[in-house]
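Below: one structure, written as C-alpha cells.
The values are calculated or read from the model by the stated rules, or taken from the named source; none is laboratory data. Note that the coordinates shown come from a computational prediction; the quantities given were computed from them, not determined experimentally. Using ideal geometry, Cβ is built from the backbone for each residue, glycine included, and neighbour counts are taken over all protein chains shown. Note: accessible area is taken over every heavy atom of the protein model, side chains too, but ligands, DNA and RNA are not part of it. Shrake-Rupley method; radii C 1.70, N 1.55, O 1.52, S 1.80 Å.
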Amino acid sequence: MALLTVLVSAPNPASAWAATCERAARRAAAAYGVPDRVLQAIALAESGRPLGQRFGPWPWTVNAAGEGHWFESRREALDFARALHARGERNLDLGCFQINYRWHGSAFSSMAEMFDPVASAMYAARFLKQLHRETGDWVTAAGAYHSRKEVHASRYRNRFRAILARFEVPASTQGDPPAGSTDRTLQGNATGPLLSSARAHEPRLGSLVPLVQQGPMPLVQGLKP
C-alpha cells in the first residue's frame, strides 16, 4: 500500500480550500453536462482527505508513482512537483482531479495551471464526458478515467460507487440528475482516498489516462474564476 504523507503548515481553513475543488466541479459539470455528483465523487476519490468532521477534495495534492502527498498550500505542492520533475519524474498526478502530467501536461500552459481547480475540473469533465459517450455509463466511465486496465478500473468503480452512494440524491449510473435535485457534499465516515495506490508497483498511466490514439485535449479558454 502506498504511503500517504500529509505535510502541515498553512493558516488557511481547510474547508475553504476543499470548497475550491467543489465549486470548480460544479462549474465544470454544468459546462460539460456531467452530473454534478459524478464529478464531485471523482474529486473525492482522487484527492479526498479528512477535514475535521467531513471529508473533502484537496487542490494541493501530488501523487508520485503511487505515493500520495497532501500539502497545505499551492506553493508547497508546486515546489514539490517541480523538484520531482527536475529529477526526471514525469508520472505525477496533480490537483483536485489528479490529472497526470506525463499524459496530459501538454494540454496545460504550465504545471502551475494543473493545480488550478477550475482548469483541472474543466479538463476532467470534458474527458469524463468523452468516456461516457464511449461507455454509455457514468460508473464505467469513472473506471476508465482511473485506468484502462480492468483490474484497476474494477477496484476504482467499487470505490466510486461507494462514494456516490453517500450523496443524499439517489445516484444513477445513467444521465443527469432529476430536475430540481441538489447534489450534496459528502460528509461523515468516508474512507481515505485511493490516490492510485493500486498501481504503485507497475508502470502506471496515471489516474487520468489518455484515450486510445488520441492526444491531449485543449483546455476551454476564458473559464478562469
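Projecting label points 7 angstrom from Cα along Cα→Cβ for Ala31 and Arg75 puts them 2.7 nm apart.
Sum up the charges of everything whose Cβ sits under 11 Å from the Cβ of Phe55, counting Lys and Arg as +1 and Asp and Glu as -1, but leave Phe55 out. Intermediate values should be presented prior to the final figure.
Details: positive: Arg49, Arg54, Arg166; negative: none.
Net local charge, Phe55 excluded: +3.
Just so you know, the Rg over Rh for the range 42-132 is 0.96, from Cα atoms, with Rh as the Kirkwood radius.
Calculate what fraction, in whole %, of the accessible area of the range 68-149 sits on carbon and sulfur atoms when a 1.4 Å probe is rolled over the protein chains. Let's see the in-between values first.
Values: 1340 of 2770 Å².
That share works out to 48 percent.
Only protein heavy atoms count here; under a 1.4 Å probe, His85 has an accessible surface of about 50 Å². Using the Cβ of Gly88 as centre and a radius below 15 Å, the other residues enclosed give a net charge of +3, where K and R count +1 and D and E count -1.
Multiply the residue gap between Ser15 and Asp137 by 0.36 nm, knock off their C-alpha separation, and tell me the result in nm, one decimal place.
Details: separation 122, 0.36 × 122 = 43.92 nm, distance 3.12 nm.
Length difference between fully extended and current span is 40.8 nm.
For the range 84-146, how big is Rg over Rh, using alpha carbon atoms and the Kirkwood form of Rh?
Working: Rg = 12.5 Å, Rh = 12.3 Å.
A ratio of 1.02.
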